[in-house]
Amino acid sequence: MAQTKRLPDAELEVMQTIWTLTPPVTAAEVQQHASSDWKMTSVLTFLSRLTDKGFLSCTKEGRQNLYTPLVSEEDYRQRESVGFIRRLCGGSVKNLVASLSDAGALSEQDIDELRAFLDAQEQ
């Protein structure tokens, strides 16, 4: 399993790109589909780091490497969400929502969606 450490933004973007593609993927596919305009050497560096950290597996096929995610987007999102709430809000979801509300970051639609989600969880 991959380290529990948070990925830097660039590496996370590479993972998000890979999660949108059908694995295994090549470095060229990652470069082509990434939202950033990276040079191939940067993409290869990110892929190597992600492989070393256990987020990707790498297999050689002919002259190119094929990369497959070892961590699902959902697993990473869940782990990061819990860690974020622990670090920033002392583990309290209520404190997170209160902070968002106090900052004016929650629209009426957001609040309605939260209510509907919580209501659905009770059933």
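The values are calculated or read from the model by the stated rules, or taken from the named source; none is laboratory data. Since the model is a prediction, treat every value here as computed from it, not as a measurement. Using ideal geometry, Cβ is built from the backbone for each residue, glycine included, and neighbour counts are taken over all protein chains shown. Note: areas computed on protein heavy atoms with side chains; ligands, DNA, RNA excluded. Shrake-Rupley method; radii C 1.70, N 1.55, O 1.52, S 1.80 Å.
Residues that are assigned to a loop (DSSP other than H, G, I, E, B), out of contact with any helix residue (DSSP H, G or I) (no Cβ under 8 Å at 6 or more places or on another chain), within 28 Å of Gly91 (Cβ to Cβ) and of a type in the set (S, T, N, Q): does region 1-20 have at least one? For region 1-20, residues assigned to a loop (DSSP other than H, G, I, E, B), out of contact with any helix residue (DSSP H, G or I) (no Cβ under 8 Å at 6 or more places or on another chain), within 28 Å of Gly91 (Cβ to Cβ) and of a type in the set (S, T, N, Q): present. Looking at this structure, is Val93 under 18 Å from Arg6 (Cα atoms) and either polar (S, T, N, Q) or modelled with pLDDT under 95 (or both)? So Val93 fails the test. Of the residues making up region 54-80, those that are farther than 13 Å from Ile18 by Cα and either touching an Asp or Glu at 6+ places or on another chain (Cβ under 8 Å) or among the polar types (S, T, N, Q) (or both) are Thr59, Gln64, Asn65, Gln78. Of note, Glu113 does not satisfy the criterion of being closer than 25 Å to Thr20 by Cβ, of a type in the set (Asp, Glu) and open to solvent by less than 60 Å² (accessible area, probe 1.4 Å).
I'd like the residue in region 49-86 that is assigned to a loop (DSSP other than H, G, I, E, B) and open to solvent by 70 Å² or more (accessible area, probe 1.4 Å) and, out of all such residues, is nearest to Glu11 (Cα to Cα).
Leu70
Confirm whether Gly104 is open to solvent by less than 70 Å² (accessible area, probe 1.4 Å), in a helix (DSSP H, G or I) and out of contact with any helix residue (DSSP H, G or I) (no Cβ under 6 Å at 6 or more places or on another chain). Answer is no for this residue. In the condition set (1) among the hydroxyl-bearing types (Ser, Thr, Tyr); (2) free of Cβ contacts under 8 Å to residues at least 24 places away in the same chain; (3) farther than 19 Å from Leu7 by Cβ, Thr59 is compliant with all but (2).
Being assigned to a helix (DSSP H, G or I) and open to solvent by less than 70 Å² (accessible area, probe 1.4 Å) is the filter here; which residues of region 87-98 pass it?
Scanning region 87-98 gives Cys89, Leu96, Val97, Ala98.
Answer yes or no as to whether Thr20 is open to solvent by 60 Å² or more (accessible area, probe 1.4 Å), free of Cβ contacts under 8 Å to residues at least 24 places away in the same chain, more than 16 Å from Tyr76 (Cβ to Cβ) and out of contact with any Pro (no Cβ under 9 Å at 6 or more places or on another chain). Answer is no for this residue. Residue check: Ala28 meets all listed conditions (1) touching a Lys or Arg at 6+ places or on another chain (Cβ under 7 Å); (2) farther than 19 Å from Glu74 by Cα; (3) not aromatic (Phe, Trp, Tyr) but one, namely (1).
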